[in-house]
Structure formats: structure tokens, C-alpha cells
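Chemist: Below is a structure I'd like to ask you about.
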Amino acid sequence: MRNSSANVTKGQTDWNAVNWRQVNRRVRNLRQRIFRASRENDLAKVRSLQNLMLRSYSNTLKSVRQVTQENKGKYTAGVDGIVTTTVEDRNELADSLMSVQPWRAAPARRVYIPKAGGKLRPLGIPTIRDRALQARVKNALEPFWEARFEPCSYGFRPGRGCHDAIARIYNVAAPVRRRRWVLDADIKGAFDNIDHEFLLNAIEGFPAKELIRQWLKAGYMERGVFHDTDSGTPQGGVISPLLANIALHGMEAAVGVQYITRGDNVGKRCLIRYADDFVVFCDSEEDACQARVELSAWLAARGLVLSDEKTRIVHLSDGFDFLGFNIRQYRSPETRWGWKLLIKPSRKSVKSLKARMVREWRGLDGQNIVTVLTRLNPIIRGWSNYYRSVVSKRLFAQLDSWIFGKEVRWARKTHPQKPWYWVTRKYWGKLHPKRMDYWVFGDAAGDGGRLNKFAWTPIVRHILVKGGASPDDPALRDYWVRRRSRQHAELSGRQQALAKEQGGMCFRCGETLHNDEALCVHHITAPRLGGKRTLDNQRLMHLYCHLQALAAERSVRDRKRFA
């Protein structure tokens, strides 16, 4: 691999020959060095390392891979209509990003996606080049802030997520605690209204500050008409969630949250934030009202206001919804404190799931059973995995009963002339080898493929991320290896075994398997060449690492053939 020089001529990148293990190691090491320098408050060293990251060829390759292969929006074009789908396209994109040239950000393409309540959420889709450059800049900016972000922040940060926020709420809202009044808050149009000057002042001294200014001021195109952007960060940009977190940094201090040395919260209030949604736990209704006043003033300096429609003050006995979960204390005379805390899937989430399943079943009329399983299994698996860490067992069983009615309707409609006993033998049977269940829906008369049941997902408590822990902290390497291993439960049995054996890392690139990329079992010796389908002949890789490995193997065979 060539060095990190910024002077690269067109045609030097060979995507299929990239050593991803080396690329990931170089980027990871640089991020860790930036993190450490930030923790030590050595700003001169931070700026030097950030400049190095911005010029890094490895960072460029990793950024191109992220936006063209990993991200869900990889097939979505910006205003230029360009998507990068081939190896040649990625070679050209990587080389162009490394060339020395003045950069001018293109406007985003405005699209709308549906959200709860029938409303539409605006998204600004940058061009693929701007997205790749944003990913490169993010790798230089993010580790600096990861060393400084507050532990209460869980949204759009590496190594953190919704389940950490809910696990933290579980600890804070336990009946033994005294904070039973909750400010359930939502910032009105947070991504659209963040004050640009406040944000730019917050990143003063960052080497790519002017690039970020360009993205903020680039505007957007809607139906062929250009619109200026005087505030906000466009939802849809790679760097936008990080910029929003930077703008909202300091919220804990603003509400007076205090910690003691071992990390316990000892103040009157406790804050949990996920992006622009947050809750503040207080010990009285009056204090919750005061917290709202204080936060309103703090947000105003950032160009933001609380949504009157979505912000409310509630008692834990009434409960509230957060990130699709319902959090509520119930009377329980048999317990020591007289109350018990239950966190469940919210009614709105269940209603949304059922509405989606009804649409899917209707769209499957006339389709074969293989199509049914292909369409529905990812929905069931994804929803049950999201809610597996809370009180969901009874609900999962209820959903399975509800789904059974949809299965019967589909089967009868597909075979209206066939008797019921014929239909049941064709679509139901003991299709799960480890369960004594003779009413599993699937291809009973064919290959035995089955529709997953919600109740098959075991309830497993999520382990809260430790304090201010970050994957960029080199001192916590072993902690993150252990933590990643807990994510294996979401994989199939064979993939779980391989992931455990590989320490949760891709066998080819050495990066975590849990980075939202599709995974694939790779055979060291292909079955068609006599290889066995056993664990000692298999390795778990990202899909694109698997494809790269296949391309390399073909190249070796071709050289031997024509030698």
C-alpha cells in the first residue's frame, strides 16, 4: 500500500488489492492517538494528528468504503445523480479525494421520508463525493470529541446506542431512587435549527473547519429550485449527527448533573440524552419545571427551542415513551419499596409493527412461500432483537398468535380449493429441529424453511456501557473486545460460533463484525473444490471482504492456469 501522501495521480488505487486489515489498523491507531491527546489537553498535538488523518490515504479508503458499501444510503444519489457501485468507480473516487484541489461543497438533494403521526421528515442527501469527504473529516474530528463528550449522551456515538440509554434509564428510574418526576423533552427541529456560528465557534481550530462551513452553507435543491441554509445541519449527511452532538454538548452541566469519583450520579437531577431526544429525572415536579426553564435558556444560545407539543412533565407512575419503549412504575405491595419498574415496547411501536405486517401480508397475496419467508423473517428478527432486553415475553407470544391468523388467511387465499388438512400439511409442521412445536409456518412440503416466531427470541438483559467509555480509548481495548462478543446473539448459530472463535472481528479486514455490514460465511477451500462445510473450513467475513477474497482466489487460480 502506498503512503499517506496527498499527491496521488489518477489510476493508482486498486480496490480489490486493498489490505483492509492494514487500513483499519492505521485509521484506528490515528483515532486513538487523537483521543489520547485530547484527554491530555495537548491541543497542538491534536491539530497535528488531525491534519495527518485528513491527509491519510487509509482514511480515504475507509471513508469511500463506508459510504459506497456499508451505509444504507449507498445507492442514493445526490444532486449530481451519481452513485458509486463498481470497483472502478471506487478507485476513481478514492484517487480524486486524494488529489490536491480546491473543494467546493455541492448543495444537498432534499427528499422527504414519512415519520410518526403522518408527518414528513426532510432529508438532505449530499453527493457521494461530499459524503466520502465528510466521513474522512469525521474520523479526524470525532475522536477529539469522544474524549470530551458527557457520559449521558448515547445517540450516534461509536460503541453506544438506544439500548444503553434504556439501560441507564432502568438504573435511574428504579423504585429505590428518589427521582420520580421526569421532564420528557424533545427539541423542535434540532437538526434544522442549530445556529451555524455557535457550531463553528465550538470547533474553532479544527483544520477542516472551513470545509464544515461549506457543508453547512451549501443549501439544498428541491424540485429544481435552490434554497439557502442559514441554520441547521442537513439530516442525511455523514457528519451531521456528530455536529449535532457537538452543539448539544454541555447539557449535563447546564442542568447541574453531578458525579462522584466512581461514576455514580449524586445530584438532584439525572439526564439521559439520545441525539435530540432527552429526559431529565428530578425529585419533584417543581424541580422538573425549573429544569425546563434552565434548559430552554441554554438551548436558545444554540438557536434551539423545546417542542411544546412533545415536551411534558410526568410522574413515573404515569409512565412515558422513549425510543420506542414505555417506562413506567407500577404498584407492587409485595416488593420492599411498594413499586416495581417495567420497561416494555410502547403501544405506538406495537401498533406500527402490526400496520407494517398487515401491509406486507397484503402485498404477498399470490406469492410463493419462499417470498413470504424472505420478506417477513427480517422484520420479525429485527423487531424482536430490538425489544429482547426488556419485558417482552408475553407480548412476543401474543404477536405470534396474531401472526398465526395472518398465516391462515394467506394459506387459505393461496389455495382456496384445497381442504384444510392439505393446507396444514403443506405449510405447518415441526420445522424447528430444537423445538417441540408442530405448528411452525413455512415450507413444510419443500425444503423446510420456516417463519421465525417472536417467542423464539430469548429475553437477555442489555449490559450498560461503562461511564464515558469509548472505543477510541486505547486503554479499554480488552473491554471493547468483551463487549462486542455480546452482540453475537443476533447472529445465526453457525455465525455465532465463528464470531466467537474470531473474537468478534472480520477474518479478512480485522474490523468488528458488528458495523452494519452484511456478513457472509467464507469457505477456505470451496465446497466445489472438495472443501467441507465445517467450522474449521469456514471464516466469518463482511460481505465485501468475502467478495474481495473470492476475487483474490480467482486471480491466483488464473495465474496458475496460464503460468
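Chemist: In the range 467-489, which residue that is in contact (Cβ under 8 Å) with a residue 60 or more places away in the chain and surrounded by 15 or more Cβ atoms within 10 Å (Cβ to Cβ) is farthest from His546 (Cα to Cα)?
Modeler: Of everything passing the filter in the range 467-489, Gly468 is farthest from His546 (Cα to Cα).
Chemist: Looking at the range 359-370, which of its residues are surrounded by 12 or more Cβ atoms within 10 Å (Cβ to Cβ) and either under 21 Å from Leu399 (Cα atoms) or under 26 Å from the mean Cα position of the chain (by Cα) (or both)?
Modeler: Those that are surrounded by 12 or more Cβ atoms within 10 Å (Cβ to Cβ) and either under 21 Å from Leu399 (Cα atoms) or under 26 Å from the mean Cα position of the chain (by Cα) (or both): Glu360, Trp361, Leu364, Ile369.
Chemist: Could you count how many residues in the range 186-210 are modelled with pLDDT under 95 and of a type in the set (A, V, I, L, M)?
Modeler: Going through the range 186-210 one residue at a time, the tally reaches 2.
Chemist: How about the range 429-458: which of its residues are touching a residue at least 60 places away in the same chain (Cβ under 8 Å) and exposed (fewer than 14 other Cβ atoms within 10 Å of the Cβ)?
Modeler: If the condition is that a residue be touching a residue at least 60 places away in the same chain (Cβ under 8 Å) and exposed (fewer than 14 other Cβ atoms within 10 Å of the Cβ), then Gly446, Pro458 are the ones that fit.
Chemist: I'm trying to understand the selection: among the residues of the range 213-235, which are among the polar types (S, T, N, Q) and modelled with pLDDT under 90? Give the steps one after another, and end with the answer.
Modeler: The initial filter retains those residues of the range 213-235 that are among the polar types (S, T, N, Q), namely 214, 229, 231, 233, 235.
Correct list: Thr233, Gln235.
Chemist: Among the residues in the range 85-97, are any surrounded by 22 or more Cβ atoms within 10 Å (Cβ to Cβ) and over 27 Å from Asp14 (Cα atoms)?
Modeler: Taking every residue of the range 85-97 in turn, none turns out to be surrounded by 22 or more Cβ atoms within 10 Å (Cβ to Cβ) and over 27 Å from Asp14 (Cα atoms).
Chemist: Which ones in the range 412-428 are in contact (Cβ under 8 Å) with a residue 24 or more places away in the chain and surrounded by 15 or more Cβ atoms within 10 Å (Cβ to Cβ)? Show your work before the answer.
Modeler: Step one: list which residues in the range 412-428 are in contact (Cβ under 8 Å) with a residue 24 or more places away in the chain, which gives 413-414, 427.
Across the range 412-428, the qualifying residues are Thr414, Tyr427.
Chemist: Go through (1) more than 22 Å from Glu210 (Cα to Cα); (2) among the small types (Gly, Ala, Ser); (3) assigned to a loop (DSSP other than H, G, I, E, B) for Ser58 and report which single condition fails.
Modeler: The failed condition is (3).
Chemist: Further question on the same structure: Cβ-Cβ distance below 8 Å, separation of 6 or more or different chains: which pairs start in the range 21-44 with a residue that is within 30 Å of His546 (Cβ to Cβ) and in contact (Cβ under 8 Å) with a residue 60 or more places away in the chain and end on one that is in a helix (DSSP H, G or I) and charged (D, E, K, R)?
Modeler: Within 8 Å, the pairs are Val23/Lys62; Asn24/Lys62; Val27/Lys62; Arg31/Glu142.
Chemist: Kindly indicate the residue of the range 125-156 that is touching an Asp or Glu at 6+ places or on another chain (Cβ under 7 Å) and not aromatic (Phe, Trp, Tyr) and also surrounded by the most Cβ atoms within 10 Å (Cβ to Cβ) among those meeting that condition. Give the steps one after another, and end with the answer.
Modeler: Restricting attention to the range 125-156, the residues satisfying the condition of being touching an Asp or Glu at 6+ places or on another chain (Cβ under 7 Å) are 127, 143, 146, 150, 152, 154.
With not aromatic (Phe, Trp, Tyr) added as a condition, the list becomes 127, 143, 146, 150, 152.
Working: Thr127: 21, Pro143: 29, Glu146: 24, Glu150: 17, Cys152: 23.
Ranking the qualifying residues of the range 125-156, first place goes to Pro143.
Chemist: Separate question: Restricting to strands (runs of 3 or more DSSP E) lying wholly in the range 304-353: which have 2 or more residues that are basic (Lys, Arg)? Give the steps one after another, and end with the answer.
Modeler: Numbers: elements: 312-315, 320-322, 325-331, 339-345.
It comes to 325-331, 339-345.
Chemist: Looking at Asp478, Asp472, can you tell me which residue is assigned to a loop (DSSP other than H, G, I, E, B) and acidic (Asp, Glu)?
Modeler: Working: Asp478 fails: assigned to a loop (DSSP other than H, G, I, E, B).
Criteria check complete, one pass: Asp472.
Chemist: Could you check how many residues of the range 121-149 are more than 16 Å from Arg104 (Cα to Cα), part of a helix (DSSP H, G or I) and among the charged types (D, E, K, R)?
Modeler: Of the residues in the range 121-149, 3 are more than 16 Å from Arg104 (Cα to Cα), part of a helix (DSSP H, G or I) and among the charged types (D, E, K, R).
Chemist: I need the full set of residues from the range 428-467 which are touching a strand residue (DSSP E or B) at 6+ places or on another chain (Cβ under 8 Å) and in a loop (DSSP other than H, G, I, E, B), in order please.
Modeler: At the first step, the residues of the range 428-467 found to be touching a strand residue (DSSP E or B) at 6+ places or on another chain (Cβ under 8 Å) are 428-432, 438-444, 448-451, 453.
Passing the criteria: Lys430, Leu431, His432, Tyr438, Trp439, Asp443, Ala444, Gly448, Gly449, Leu451, Lys453.
Chemist: Residues in the range 97-120: is at least one closer than 19 Å to Tyr57 by Cα, assigned by TED's automatic domain parsing to the domain that holds Asp14 and assigned to a helix (DSSP H, G or I)? Quick ask: steps written out before the conclusion?
Modeler: In the first step, residues of the range 97-120 are kept if they are closer than 19 Å to Tyr57 by Cα; the result is 97-103.
Filter once more, so that each one left must be assigned by TED's automatic domain parsing to the domain that holds Asp14: 97-103.
The next check asks that each one be assigned to a helix (DSSP H, G or I); those that pass are 97-98.
Looking for residues that are closer than 19 Å to Tyr57 by Cα, assigned by TED's automatic domain parsing to the domain that holds Asp14 and assigned to a helix (DSSP H, G or I), one finds at least one in the range 97-120, hence yes.
Chemist: Would a scan of the range 542-558 turn up a residue that is assigned to a loop (DSSP other than H, G, I, E, B), surrounded by fewer than 16 Cβ atoms within 10 Å (Cβ to Cβ), among the β-branched types (Val, Ile, Thr) and not assigned by TED's automatic domain parsing to the domain that holds Gln22?
Modeler: Looking only at the range 542-558, we keep the residues that are assigned to a loop (DSSP other than H, G, I, E, B), and these are none.
No, every residue in the range 542-558 fails to be assigned to a loop (DSSP other than H, G, I, E, B), surrounded by fewer than 16 Cβ atoms within 10 Å (Cβ to Cβ), among the β-branched types (Val, Ile, Thr) and not assigned by TED's automatic domain parsing to the domain that holds Gln22.
Chemist: Same structure, new question: What single numbered condition from (1) at pLDDT 90 or above; (2) in contact with a Leu (Cβ under 8 Å, 6 or more places away or on another chain); (3) farther than 21 Å from Phe278 by Cα fails to hold for Phe156?
Modeler: (3)
Chemist: Only residues that are crowded, with 16+ Cβ neighbours inside 10 Å and assigned to a loop (DSSP other than H, G, I, E, B): list them for the range 490-501, please.
Modeler: Leu491
Chemist: Further question: Here is a check on your reading of the model: is Asn193 over 28 Å from Val111 (Cα atoms), touching a residue at least 60 places away in the same chain (Cβ under 8 Å) and not aromatic (Phe, Trp, Tyr)?
Modeler: Working: over 28 Å from Val111 (Cα atoms): no; touching a residue at least 60 places away in the same chain (Cβ under 8 Å): yes; not aromatic (Phe, Trp, Tyr): yes.
No: the conditions fail for Asn193.
Chemist: Hey, another quick one. Restricting attention to the range 366-377, does a residue exist that is in contact with a Pro (Cβ under 6 Å, 6 or more places away or on another chain) and farther than 18 Å from Ala165 by Cβ? Before the answer, list the steps.
Modeler: To start, the set of residues in the range 366-377 that are in contact with a Pro (Cβ under 6 Å, 6 or more places away or on another chain) comprises none.
No, the conditions are met nowhere in the range 366-377.
The values are calculated or read from the model by the stated rules, or taken from the named source; none is laboratory data. Only a predicted model underlies this, so the values are computations on that prediction, with no experimental measurement involved. In this analysis, Cβ positions are derived from the backbone assuming ideal geometry, glycine residues included, and neighbour counts consider all displayed protein chains.
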